[in-house]
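What follows is a set of notes on a single structure, which appears directly below.
The values are calculated or read from the model by the stated rules, or taken from the named source; none is laboratory data. Here the structure is a predicted model, which is why all the values come from computation and not from measurement. Don't worry about glycine lacking a Cβ; one is built from the backbone with ideal geometry, like all the others, and counts go over all protein chains shown. Note: accessible area is taken over every heavy atom of the protein model, side chains too, but ligands, DNA and RNA are not part of it. Shrake-Rupley method; radii C 1.70, N 1.55, O 1.52, S 1.80 Å.
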Amino acid sequence: RGAALVVGREGEKREHEWTMSSGSRPSASMHQRRPARHNGPSSKQLRDLRRAEARAARAGNDSAAVEIREKLRALEAQRKAQEHEAKELRWLAKYKKVMFFERVKLTRRVLKVDKALTTATAETKKALKEQRRQLMLQLTYVLYFPAGKKYVGLCAGDQLHPKVLAAQEKRMEEAAANRRASLARGEPDRCSPC
């Protein structure tokens, strides 16, 4: 057992007792958990509004039912947007390392091709320029990948199902469109260091 000096919200100081659980750390009772924050509507709010709408409809109060229906639609849209944002963040965290390593590999390859272009003969320059163009397309895919979609890695190329390869091609086009839109907004090009 021991005691610690705790400062409250209003600045008052009080003594708080704690017990030693294992080792020299105080038990969890000293550290109070804060409830998780939910910025969006809860299931309870939506359920309550649906019940209120049904009650108003049964009572024949059309104006109240319409008002409740509008609130319900707004909350459902807010919840859907929140779920979509959470999904984007989850995928971003999941694929961040893969995208980083692919970016590093592609950047290294582009620099290698650039170095080979300086010493290349006229016959090999055309092939090297085409190779560089393909690498830049892949780099654009990695750097401007559309948010909210599952990332398909470039290094797994030949082992992928044809449907997945078609989806990857579509995402490459989306990434190129994202790059053009970014440049049109005046943002710096993320592919420029190469």
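I want to confirm something. Restricting to the range 167-189 and keeping residues that are open to solvent by less than 60 Å² (accessible area, probe 1.4 Å) and small (Gly, Ala, Ser), which single residue is modelled with the lowest pLDDT?
If we take residues in the range 167-189 being open to solvent by less than 60 Å² (accessible area, probe 1.4 Å) and small (Gly, Ala, Ser), then 167 is modelled with the lowest pLDDT.
For residues that are over 20 Å from the mean Cα position of the chain (by Cα) and either open to solvent by less than 50 Å² (accessible area, probe 1.4 Å) or aliphatic (A, V, I, L, M) (or both), tally how many sit in the range 136-166.
Final tally of qualifying residues: 8.
Under 6 Å between Cβ atoms, at least 6 apart or on separate chains: pull out the pairs that start in the range 134-151 with a residue that is closer than 8 Å to residue 175 by Cβ and end on any residue that is modelled with pLDDT of 80 or more and small (Gly, Ala, Ser).
That search, which allows pairs on different chains as well, returns 140/175; 140/176; 141/175; 144/175; 145/175.
Suppose the filter is surrounded by fewer than 13 Cβ atoms within 10 Å (Cβ to Cβ) and at pLDDT below 90; does residue 115 pass it?
So residue 115 does not fit the description; no.
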